[in-house]
Structure formats: structure tokens, C-alpha cells
1. Distance between Cα centroids, the stretch 126-183 to the stretch 47-103: provide it in whole Å.
2. Specify whether the C-alpha gyration tensor of the stretch 198-274 places it in the rounded, prolate or oblate class, a ≥ b ≥ c being the square roots of the eigenvalues: rounded for a/c under 1.5, otherwise prolate if a/b is larger than b/c and oblate if not.
3. Just to be sure I follow the definition: excluding the sites themselves, where is the longest run in the chain that has none of the GluC sites (Glu not before Pro) in a DSSP loop with at most 15 other Cβ atoms within 10 Å?
4. Quick one: 3J(HN,Hα) in Hz for the stretch 52-66, Karplus 6.51/-1.76/1.60 with θ = phi - 60°, rounded, Gly and Pro as x.
5. How much mean residue ellipticity at 222 nm does the chain get from its helices, if each DSSP H run of length 4 or more adds -39500 (n - 2.57) and you divide by all residues, to the nearest 500 deg cm²/dmol?
6. For the chain, give the share of DSSP beta bridges that are antiparallel, in percent and rounded to the nearest 5; count only bridges with both residues there.
7. Under a 10 Å cutoff between Cα atoms, tell me which one of Pro188, Pro71, Pro33 has the largest fluctuation in the Gaussian network model of the chain.
8. In a shell of Cβ-Cβ distance under 10 Å around Asp166, excluding Asp166 itself, what net charge do Lys and Arg (+1) and Asp and Glu (-1) give?
Amino acid sequence: MPDTAQLSINLATVRQQWGLIEALEGVARAGIPAVAPWRDQIAAAGLKPAVQRFRDLGLVCSGLCRGGMFPALSPEGRATAHDDNLRALDEALAFDAACLVLVVGGLPEGSRDLADARAQVEDGIAALLEPARAAGMPLAIEPLHPMYAADRACVNTMAQALDICDRLGPGVGVACDVYHVWWDPDLPAQIARAGRERLMAFHICDWLRTTRDLLLDRGMMGDGVIDIPAIRHMVEAAGFEGFHEVEIFSAQDWWTRPPEEVLQTCIERHRTVC
Ligand code: ZN
């Protein structure tokens, strides 16, 4: 059975109820050791006070969300994305994050050239990898379910992400989110292929059989169809020893509940069904 010492809360899970500082305090109060903050939450709280409170509470950062969004129609657009990713890198360093999570971006507005978008993603990661390596901050590509290929991420499988990692070398790996990869018949082989060095994050939630919103209707662990223990066993067999990070966007359900209840449910479900 997983232990709460392995639990992390991706702060998107309570983003409608709590600002960053409140969320950090709430997670610490619940006895959960780790968090993954989002950059918009950090911006709203202010980087310095956010990092200060995070440190005072003795929390650990299982990943910073997020860098990426590389493709753009123009060189200027790509340069703007690169600059923003450098700031994301600085924020990940300020939180001493286990990794900077990359949601790589989809098709630029008006484009139908998926191959070009994917090439831009790889170029963008390669450009970010140099400063990331120099700073010692791992980059974790998060493959997203193919339903997000247009607008969020055109890297859609573990295999595709690992092919990029193979070409770019050390310092870049994957964030394995069960919501995005549970359906993949190649998942066991790809998790084994990733190995300890390249498995940088493990995100958990559940896929509801009847999904009402493609982005904002993720389920609590145990309420859907994903065999989470099976995937956890795969990542552990590959050597992963990091946190189990709960990441739930849930506009109609968990975002409407008292945040303390959400955290207690995360603790209980993590223990019993993950
Ligand atoms: Zn995720």
C-alpha cells in the first residue's frame, strides 16, 4: 500500500478554492509532504513570498507546472516562448523542483502542419535543455492524451516523448500521467524503456467512464476505470521512487468541495486504491 509520505498534491487540484499560500498551508496541515505548484498561482502570490512560505512549511516540490508551449507561427513567437521557458526554469530552481514539467504545445493558430509543430517542439526543448542542464534542472516532457494534440500538446505517447529524449540525451525525461497514458497498449514497454533516470514524475487521478468535459472532468482515484496500482507497479519496477502526485481538474465536482475534504479524500484514496 502506498504511504502518505509518497503523496504530493498538484495544486491545480484545489485551485478554485485556495490561492497558492493557502494551498501550501492546507497541504502541510494535512500532513502531505509535497506539492506541485502552477506558474499562474505563483505569479498571483509573488515568487518570493511563495518560495519563502513553501520553505518555512518544509514542503518538497515534486514538479513545477509548467514550461513548454513551444510551437508558434513566427520566429518572434518562438523566441517569446523560449524567454518564458527560461523564467519557468528559474521558478523551478527557486522551488528546488524535482523537474520542470513540459506541456509542449499543439498546433499554432491557423496551422494544420502537425509534423512541423512536432519539429518545433523538439527544437524548443533542445534550446531549453542547455540552460536546464547547466542549472541541474531536469526537464520532464508530459505526453498528453491525443485529444489535446490541437491545442495543448502534440507529443501524445510515452514512445513519442522517449524518442525525443533519445535524440536529445541526458537531462530530459518524461512525466507519466495516468490520465494521459492509461489507454496505451504499449505502456508497459515504454515505462520499462524510460527507466529510472527518465521517469521524472508520476501523476495520478482517474478517467471517468462518462467524461463530461475533456479538460475539467478528471476523476478522483478509484472513481474511474484506470488500474492505478498496475501502472504504479510498472513505474516502481522501472526504478521510480518519486512522489505520487494527485492532479485533478474537476470543475463540476472536486473544485466545488471544501478543500480540506478534497485533501482528506486524496490521502484516503491514495492509501486504499492506488
Ligand atoms: Zn499531469
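Derivation of every value follows stated rules applied to the coordinates shown; laboratory data play no part. Worth saying up front: this structure is predicted, and the values here are computed from it rather than measured. Using ideal geometry, Cβ is built from the backbone for each residue, glycine included, and neighbour counts are taken over all protein chains shown.
1. Centre-to-centre distance over Cα atoms comes out at 15 Å.
2. prolate
3. Longest run free of exposed loop sites: 110-240.
4. Ordered by residue, 3J(HN,Hα) equals 4, 5, 4, 5, 4, 7, x, 7, 10, 10, 7, x, 9, 9, 7 Hz.
5. The per-residue figure over the chain is -13500 deg cm²/dmol.
6. 5
7. Fluctuation is largest for Pro188.
8. Computed value for this residue: +2.
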